[in-house]
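Heads up: the structure comes next, in structure tokens.
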Amino acid sequence: MEANESGFEILQRQGAWVVRMWWPTGPITGGPQRMTVEAAEDTATRDVARGISTTVLRRLDLAAAMKLAEEAPELQQGMEEVTAKVEEAGSSAGLLLANEGVSETYLAMLAATYKTMADLGAPAPVPWLARLIGRRPETVKDHLKRARREGYLTTLAGKAGGELTEKATETLATFVKTGDGQD
């Protein structure tokens, strides 16, 4: 495995071929985002003359590559840091809810935290968010529906997550600039 600040690459040898699989820096949430297949340096020309076969591609062991990537110590540290930031954001949303109720700032923070969880590939972002906020998952779902309805978060059909809207971004920017959301 080779790693740098933009991501990491895992190599697999399949017969005459070297397959490079690349993931960006951050948590492993699925397969590689880029793959290249090239002839290995020590391979005879006759072994690559007919090109890459489907057999080479079927023999790729993506599961083993992902497992190797997930177990890498430098990636584990990155995952722990990201998880800590998500937990902090969720706790902040919980404090906003306790102090302000279902306010614009709370809905924007809730939407941003939920989006981050979904982007990380969290298998169950709503229960995780509910635990951080100190509310039941059904309540968090209702708040997320309201965040969508009021224009803080877009919908992704059939998937967790969405995109933050300009309204959410502006609300969060105002909150950060003033330190507590109040002028």
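The charge dipole of the chain, taken about its Cα centre with unit charges on the Cβ of Lys, Arg, Asp and Glu (plus for the first two, minus for the last two), comes to roughly 900 debye. Checking the Cα-Cα distances for LYS67/LYS145; LYS115/LYS141; LYS85/LYS177; LYS115/LYS167 against a 24 Å cut-off, the pairs over it are LYS67/LYS145.
Rounded to the nearest 20, the Cβ-based charge dipole of the range 19-69 about its Cα centre (Lys and Arg +1, Asp and Glu -1) stands at 200 debye. Simple rule: put +1 on each Lys or Arg Cβ and -1 on each Asp or Glu Cβ in the chain, find the dipole, and look at VAL48, MET21, SER92; the Cα lying farthest toward the positive end is VAL48. Length gained on full extension, THR155 to GLN33: 41.6 nm, using 0.36 nm per residue less the C-alpha separation. Label-to-label distance for GLU41 and ASP61 is 2.3 nm, based on points extended 7 Å past Cα in the beta-carbon direction. This structure gives Kirkwood radius over Cα pairs in Å, computed directly, and of (i) 16.9; (ii) 18.3; (iii) 19.0 that value is listed as (iii).
FYI, it's all coordinate maths here, none of it is from the lab. Please read all numbers here as calculations on a predicted model, not as lab measurements. No Cβ is skipped: glycine too gets one built from the backbone with ideal geometry, and neighbour counts run over all protein chains shown.
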